[in-house]
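Report on the following structure.
The values are calculated or read from the model by the stated rules, or taken from the named source; none is laboratory data. Because the structure is predicted, anything quoted here is derived from the model rather than measured. Glycine gets a Cβ as well: all are built from the backbone with ideal geometry, and neighbour counts include every protein chain shown.
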Amino acid sequence: MQEEGLRKQEILKLLEKKLQNDYTYESGSILGSMCTEPLDFGKEIYNKFVSKNLGDPGLFLGTAKLEEELVKEIGELFGCKDIIGTFTTGGSEANLIAMRIAKKLRPDIKNPEVVLPISAHISFDKAADLLDIKVRKARLKPDFSLDLDHYESLINNNTCGVVGVAGTTSLGLIDPIEAIGEFTKNKDIFFHVDAAFGGFILPFLKRLNYNIPSWDFSVESVDSITADPHKMGLGLIPSGGYLVRDASILTKIGFQIPYLAGGNFKHFHIVGTRPGGTIIAFWAIIKSLGIKGFIKIIKKCMDNTGYLVKRISEISGVKLATIPVMNIVGITTENGESICKIDEELRNKNWMLGKFEDFNLIRVVIMPHVEKEHLSHFLNDLELILKKLRIS
Ligand SMILES: Cc1ncc(COP(=O)(O)O)c(C=O)c1O
C-alpha cells in the first residue's frame with residue numbers, strides 16, 4: 001500500500017485501465033451468464049443504503065422488517081403468502097441452507113442422502129461435500145427431461161431430502177415438481193425446489209399465457225424454494241433468496257449469535273455480516289417495476305429467444321438441444337460431433353457462452369441485456385465458424 005492516498009481522478013484512471021479486459025453486458029459478448037445489469041433505480045437505492053448490515057438485524061429493525069415484507073410479497077407470487085425466508089449471497093448459499101435443513105430435520109438418519117436430477121446445479125455437490133450428505137443423481141431422458149422412474153428408485157430409508165429444479169442451469173427446463181411431490185407425500189422427506197433462475201420468470205410467463213406446470217408453493221409438498229434476485233430479478237449482486245413454508249423450522253434449527261449489538265436472533269445463514277442494501281434495492285425494484293414491468297422485460301427476453309430459436313433451426317450443422325421453456329437456448333451439433341471446437345472458436349470472437357460438455361451443448365441465456373442485434377451478429381459469426389470447421 002502506498003504511503004499517501006491518491007486523488008479520485010487518478011484512482012478512476014487506474015481502475016479504468018485495470019478493468020479494461022472485463023467483458024461488459026452492453027457489448028453483447030456475455031451470452032452465457034445468468035446475471036445482468038441491475039435496474040438503474042436499484043443501483044441508486046443500493047448506493048443510498050449500502051451500510052445496512054442484516055447480520056445484526058436488531059440494529060437495523062426497519063431493514064429487517066422490509067426483508068420480511070419482501071419475503072411475503074414473493075411468497076404471494078409463489079403461491080403462499082404465509083411463509084418465512086431470507087436473502088442470501090446467491091443460489092448456492094440458499095441451496096446449502098436447504099440441504100442443511102433437510103439433514104437437520106432427520107437426526108435419526110445416520111447416513112443421510114438427497115435425491116436430485118443430474119441437471120441440478122453444482123451448488124448441491126458443494127453442499128453435500130460440506131454437510132457430509134450423499135447425493136443420488138437421477139438420469140435424464142434423451143430429451144433432457146427427468147427420468148422419474150429412476151428418480152423414484154433412488155429414494156430409500158436414508159433419504160432426508162429431494163430436490164427439483166424449476167429452470168435448470170443448462171437448459172432452463174422445469175422438473176415435474178408435482179410428480180416429485182407425490183414421492184414425498186406422507187414421508188418425512190424435505191422437498192426443496194431450486195428456482196434460482198426460474199423464480200423471477202415463471203410467474204410472469206404464466207401471465208403471458210405460457211403453459212407453465214405447477215412448480216411453487218401451490219404444490220403442497222414443496223417445503224422450500226430458492227429464487228435469486230441477482231438473476232432474472234434484475235437485483236444487485238449478491239442477492240439470492242431462500243423461502244420456507246414452515247416457520248417453525250427456524251425455531252428448531254436456526255443459529256444464534258448471543259453477543260450481537262442488536263441482540264440475539266435466530267437465523268439460517270452461513271454468512272454473518274450480510275448486505276441489507278441489496279434487499280432494500282430489490283424491494284425498490286419490485287415496487288418500481290410491478291408485475292407489468294417484469295412482464296415487459298420478460299416478453300422482450302422471450303421474443304429474442306424466439307428469434308434465436310428460429311435462426312438456429314435454419315442453420316445447418318447445429319440444432320436446438322431441446323425446445324426452450326424459458327429464455328435459455330441450448331445449441332448442439334446436428335451430427336453429434338463435439339461442441340467444444342465451436343465453443344472455442346466463438347470465444348476467440350469474444351462470444352462468451354456456457355459450455356456443458358456432459359450434454360454436448362453450448363448455452364445462450366437471453367438476459368435483459370441481450371439485444372436482437374447482438375444475437376444477429378453472434379449468428380453470423382456462428383455460421384462462419386461452422387463453415388470454417390466444415391460442420392455445416
Ligand atoms: C439453477 C441454479 N441454482 C443455483 C445456482 C447458483 O447460484 P449462485 O451462482 O447465485 O450461487 C445457479 C447458478 O447458475 C443455478 O443456475
Scanning the range 69-100 residue by residue, those free of Cβ contacts under 8 Å to residues at least 12 places away in the same chain and part of a helix (DSSP H, G or I) turn out to be LYS72, GLU76
For the range 84-95 the number of residues that are touching a Ser or Thr at 6+ places or on another chain (Cβ under 6 Å) and within 11 Å of the ligand (Cβ to nearest atom) is 4
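Residue-by-condition table, conditions (1) over 19 Å from the mean Cα position of the chain (by Cα); (2) crowded, with 20+ Cβ neighbours inside 10 Å; (3) within 15 Å of the ligand (Cβ to nearest atom):
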position	(1), (2), (3)
LEU54	yes, yes, no
LEU66	yes, yes, no
PHE78	no, yes, no
ASP82	yes, no, no
LYS110	yes, no, no
Of (1) within 16 Å of the ligand (Cβ to nearest atom); (2) closer than 29 Å to LEU234 by Cα; (3) in a helix (DSSP H, G or I), ILE180 fails just (2)
Only one of ALA120, ALA98 is more than 22 Å from PHE265 (Cα to Cα), within 16 Å of the ligand (Cβ to nearest atom) and aliphatic (A, V, I, L, M), namely ALA120
Taking first residues from the range 217-238 that are at positive phi and second residues anywhere that are away from the ligand (no atom under 15 Å from the Cβ), the pairs with Cβ under 9 Å that are 6 or more apart or on different chains are LEU234/GLU37; LEU234/LEU39; LEU234/GLY42; LEU234/ILE285; LEU234/LEU289; LEU234/PHE294; LEU234/ILE297; LEU234/PRO368
Kindly check whether there is at least one residue in the range 275-293 that is outside any helix (DSSP H, G or I) and within 16 Å of the ligand (Cβ to nearest atom).
yes
Test for GLU26: is it in contact (Cβ under 8 Å) with a residue 60 or more places away in the chain, surrounded by fewer than 14 Cβ atoms within 10 Å (Cβ to Cβ) and under 21 Å from PRO368 (Cβ atoms): yes
For the range 261-272, indicate whether the set of residues that are in the same structural domain as PRO57 (by TED's automatic domain parsing), β-branched (Val, Ile, Thr) and surrounded by fewer than 20 Cβ atoms within 10 Å (Cβ to Cβ) is non-empty. yes
Subset of the range 228-260, residues closer than 25 Å to HIS121 by Cα, basic (Lys, Arg) and either away from the ligand (no atom under 14 Å from the Cβ) or exposed (fewer than 15 other Cβ atoms within 10 Å of the Cβ) (or both), comes to ARG245
Exactly one of LEU171, LEU260 is under 30 Å from ILE295 (Cβ atoms) and of a type outside the set (S, T, N, Q), and that one is LEU171
